[in-house]
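Encoded as structure tokens, the structure appears first; notes follow it.
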Amino acid sequence: MPRRSRFFRSCSVACTLTFLLLVYIPSFAQQSTSDTSGYEMQRQKVNELLQQRSARFGQFDESLKKRTGIFGLKTKKDMQSSIDILKQIVMTDNNIFRETKMLLDYKDFEKSQIAEQANEFDGRINGYIKTISKLQREQERLTAEVDALEKSARFYEGMLVLLGLSIVGAGIFLILRRQKLTKA
């Protein structure tokens, strides 16, 4: 019976550890999902800026082909239009660089936050493992103590049975001896 109880206690310890892990993992996943959505929003901003740049570059190509001057030459107005579009492309590029840097910073922040949470969870799990180990050692000590008490109880039960048999035997002996004395 003590072996069975050890088995069931070991199973209960394992179930407790599993329960604790199942409680903390979903909260970690939920945090990760909200961080990823922020990253996705930032990435969409960068993609929109890249699309704007591509559209402006198309406008620049069109402005280079445009020749409204005499004999199909470029006018000052055509050249200024091309320069203005180039300025817009440069401003868009600057925005792309800024947003990309923010995106990379955000990703680095996410990584550091995930690493921090992983360290925290490792610490918790190590604490749980230490607590479980301590409880298992205590359980083994108590089981050994119970086994010793059971052996002691069996010894005293045997002594009690032996004493009882001795008393019964002595009583029968005295009764038989008395009957012999009364017959003689």
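Some notes on this structure:
- For Arg141 and Phe121, the FRET efficiency from 1/(1 + (r/R0)^6), where r spans their Cβ atoms and R0 equals 41 Å, is about 0.85.
- Relative counts (whole %) of C-alpha pair distances in segment 138-182, using bins that are 10 Å wide: 25, 25, 19, 14, 10, 6, 1
- Viscosity 1.002 mPa s, 20 °C: Kirkwood-radius Stokes-Einstein D of segment 57-168 over Cα pairs, µm²/s: 93 µm²/s
- Stretching Met79 away from Leu163 to a fully extended chain increases their span by 17.9 nm, per 0.36 nm per residue minus the current alpha-carbon distance.
- Subset of Lys45/Lys111; Lys130/Lys151; Lys45/Lys87; Lys65/Lys101 violating a 23 Å alpha-carbon distance limit: Lys130/Lys151; Lys65/Lys101
- Extension gain for Leu86 to Ser37 (0.36 nm times residue separation, less C-alpha to C-alpha distance): 14.3 nm.
- For segment 36-98, the Cα-based Rg and Dmax, in that order, read 15.8, 57 Å.
- Furthest towards positive pole of dipole, Gln179, Phe155, Gly127, structure part segment 119-184, Cβ charges: Gln179
- Dipole of segment 69-125, positive direction: furthest Cα of Ser81, Met102, Gln117, with charges on the beta-carbon: Ser81
- Average projected area [Cα convex hull, segment 67-114], square nanometres: 3.6 nm²
Only the coordinates and a few stated rules stand behind these numbers; no lab work does. The structure displayed is predicted, hence computed values, not measured ones. Here the Cβ is made from the backbone with ideal geometry for all residues, glycine too, and neighbour counts use every protein chain on show.
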